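This report refers to the structure that appears directly beneath it.
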């Protein structure tokens, strides 16, 4: 067991803090910071490599916490002072444990190609929305999420928390350009005759009346700006969700979840 006591903001502490706050550092080290019991449980269940287990006092851990330390003998066990530990977490009542873990980026080759169900999220800008969409995608058996355009980092700790750890079971690909996505779609059109639909409150086709079936790719627009014109041009149809109230649009994660459910229920 590699056990380390930290009482000041030393180099090790700064690395851990940067994994929480700095996407460049996360990308370089391919490590993420995870907090929250459910997120930690999901990370462990996914069998990713746990690199650090961060606690306040090893003697005060629950049996669950002690079992994790016993299980991950190659991970660094880091005990911190209350002040440093509480500074790392944003929670008023933090969990008894924090972890860091290795992650590997997905590519198109990791995505199922037979009868796929895919989501494209255009320039996500809200941590909670991205995390919620990842959570819904996991619930409704989406085969892959493509993130395109300049947006937030999917491994930001707030995104991981909002996903309730489902991010560790979800195939997510960062697409570098619209040209790369266009080429991928062309190949899927030939192989699967995959349909591309966009979601927008100005769409003329109601999702209630439209037969949405796999194989399919659903493009979700940016929270504030909607879909880019280039992404719209890739769509076979633009669909909308009919609403009876006074509002004319839904939160993007709510809208995405409704669309995912419509597709999921027709394929089960």
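Throughout, read-outs are computed from the coordinates displayed, never taken from laboratory work. Not measured: the values here are computed from a predicted model. FYI the Cβ positions are ideal-geometry reconstructions off the backbone, even for glycines, and counts take in every protein chain you see.
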Can you tell me the length gained on complete extension of the stretch residue 86 to residue 15, counting 0.36 nm per residue apart and subtracting the Cα distance?
24.0 nm
Using only Cα atoms, find the angle between the long axis of helix 11-21 and the longest principal axis of the chain, and express it within 0 to 90 degrees, rounded to the nearest 10.
20
At what distance in angstrom do the alpha carbon centres of the stretch 72-87 and the stretch 191-256 lie from each other?
45
Based only on the alpha carbon positions, what is the Kirkwood hydrodynamic radius of the stretch 137-268, in angstrom?
15.7
Given R₀ = 51 Å, FRET efficiency for residue 187-residue 93 by Cβ-Cβ distance, to 0.05?
0.55
Residue list for the stretch 145-165, given a label point 7 angstrom along the Cα-to-Cβ vector of residue 110 and an amide N cut-off under 16 Å:
145-148, 153-156, 160, 165
Extended-chain gain in nm, criterion 0.36 nm per residue less alpha-carbon gap, residue 266 and residue 150:
38.5 nm
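Mind pulling the per residue volume of the convex hull built on the Cα atoms of the stretch 2-102? Å³ is fine.
Output value, Cα hull per residue: 98 Å³.
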Length gained, residue 46-residue 202, 0.36 nm per residue minus C-alpha separation, equals 52.2 nm
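Arrange the following residues from fewest to most other Cβ atoms within 10 Å of their Cβ: 257, 174.
174, 257
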Quick check: from the Cα gyration tensor, does the stretch 9-61 come out rounded (a/c under 1.5), prolate or oblate?
oblate
Helix 252-265: inclination vs the chain longest Cα principal axis, degrees, rounded to 10, gives 70
Kirkwood Rh for the stretch 70-138 from C-alpha pairs, in Å, is 16.4
Could you work out, for the chain, what percent of all Cα-Cα pairs fall into each 5 Å distance bin, beginning at 0 Å and stopping at the bin that holds the largest distance?
1, 6, 12, 16, 16, 13, 10, 9, 7, 5, 3, 1, 0
